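These notes concern the structure reproduced below.
The values are calculated or read from the model by the stated rules, or taken from the named source; none is laboratory data. The model shown is predicted, which means the values in this text are computed figures rather than measured ones. Neighbour counts are summed over all protein chains in view; Cβ atoms, including those assigned to glycine, are modelled from backbone coordinates with ideal geometry.
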């Protein structure tokens, strides 16, 4: 018996499928692996962005301020001002606080750098403020004002350790004040304001 083999493709195979143009199994496995890798890379980048945002908000969320007074004693008069707390463990900079005392809004207080801690800033009268002093320096209790609009912090702005600017409004809501600072700003003195 003689068998004759002819070369070439005789056209479409039964069922209309032409599998020769679809590649081989290793090519398909590689294509699928690249697709899964791209999806994983995208998910990893999104997770890193979310983590970075959480870390930034954790430092900014640890900053707060409220109006209060150092209570009067037998030998010391009552003194008004505000407490600013930086409980983040890292310094913040370019801090600006606007407070209402006795129903009027004195000038803003600008602080160049505020280390971690809790500070009382005394109002010295006529738009003048003392340096921030660590609460432990005072031998008196600081009374927070919580039920009046005559004594309150109207807003705080500051820059965190990563260079992101933040704002806290009169209701205590935290929001980004802008993108990272790329230019050096001319800071005001961190001492008494005139």
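Out of all the residues in the range 41-64, is one or more part of a strand (DSSP E or B) and modelled with pLDDT of 85 or more? First the steps, then the outcome.
Within the range 41-64, the first condition is being part of a strand (DSSP E or B), and the residues that meet it are 63-64.
Then keep just the ones that are modelled with pLDDT of 85 or more; that gives 63-64.
Yes.
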Exercise. Quick check, is residue 168 more than 25 Å from residue 76 (Cβ to Cβ), at pLDDT 90 or above and surrounded by 15 or more Cβ atoms within 10 Å (Cβ to Cβ)?
Worked result: yes
For this session: Inspect all residues belonging to the range 26-34 and state whether any of them is out of contact with any helix residue (DSSP H, G or I) (no Cβ under 6 Å at 6 or more places or on another chain), loosely packed, with under 10 Cβ neighbours inside 10 Å and modelled with pLDDT under 80.
Result: no
Exercise. Quick one: is residue 74 in contact with a helix residue (DSSP H, G or I) (Cβ under 7 Å, 6 or more places away or on another chain) and part of a loop (DSSP other than H, G, I, E, B)?
Worked result: no
Seminar exercise, completed: Pairs returned, first residue in the range 162-177 that is at negative phi and touching a residue at least 40 places away in the same chain (Cβ under 8 Å), second residue that is surrounded by 12 or more Cβ atoms within 10 Å (Cβ to Cβ) and part of a loop (DSSP other than H, G, I, E, B), beta-carbon separation under 8 angstrom, 6 or more apart or interchain, are 165/181; 166/160; 174/61
